[in-house]
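Worksheet: one structure, shown below.
The values are calculated or read from the model by the stated rules, or taken from the named source; none is laboratory data. Note that the structure is predicted; figures quoted are calculated from it, not measured. Methodologically, a virtual Cβ is constructed for each residue, glycine included, from the backbone with ideal geometry; neighbour enumeration extends over all protein chains shown. For the accessible areas, the whole protein counts, side chains as well, though only heavy atoms, and no ligand, DNA or RNA atoms are used. Shrake-Rupley method; radii C 1.70, N 1.55, O 1.52, S 1.80 Å.
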Amino acid sequence: WCDIPYKENSFVVNLGDMLQHWTNDSFQSTVHRVVKTTPDHRYSAPFFFEPNFDTLVESLPMFVTSDRPAKPPISSGQWLLHKYATTHLDVRESVGETGSMK
């Protein structure tokens, strides 16, 4: 959890799991939560952007070293199905634990 102070005309960007995969864990994804702790107005407007279903998600070369070998590549669609299967029972029943289509 990271406490982000209010700053007028600014944005806070949470990185998602797929960007963590692309950066070979160099950047960590965050839990996406907003808690209002002040009387000031604060708005949360989530925007999720994903590549095409068949886009290959693999560690970018600039983040791969001998100490940090590349993660196995996966398609964006398989990644999302896997993530949904770990959090949504109805998806898990359709695609299985691994996120592969049955």
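Per-atom-type breakdown for the chain gives carbon and sulfur 59% of the accessible area (1.4 Å probe, protein chains only). Longest stretch of the chain clear of exposed loop sites (chymotrypsin sites (Phe, Trp or Tyr not before Pro), DSSP loop, at most 15 other Cβ atoms within 10 Å, sites excluded): 54-102. For the chain, the longest principal axis of the alpha carbon atoms and the long axis of helix 76-87 meet at an angle near 70°.
Solvent-accessible surface of the chain, averaged per residue with a 1.4 angstrom probe and all protein chains in place: 82 square angstrom. Rounded to the nearest whole Hz, the Karplus-based 3J(HN,Hα) values (6.51 cos²θ - 1.76 cosθ + 1.60, θ = phi - 60°) of region 46-53 follow the sequence x, 9, 10, 10, 10, x, 4, 3, with x at glycine and proline.
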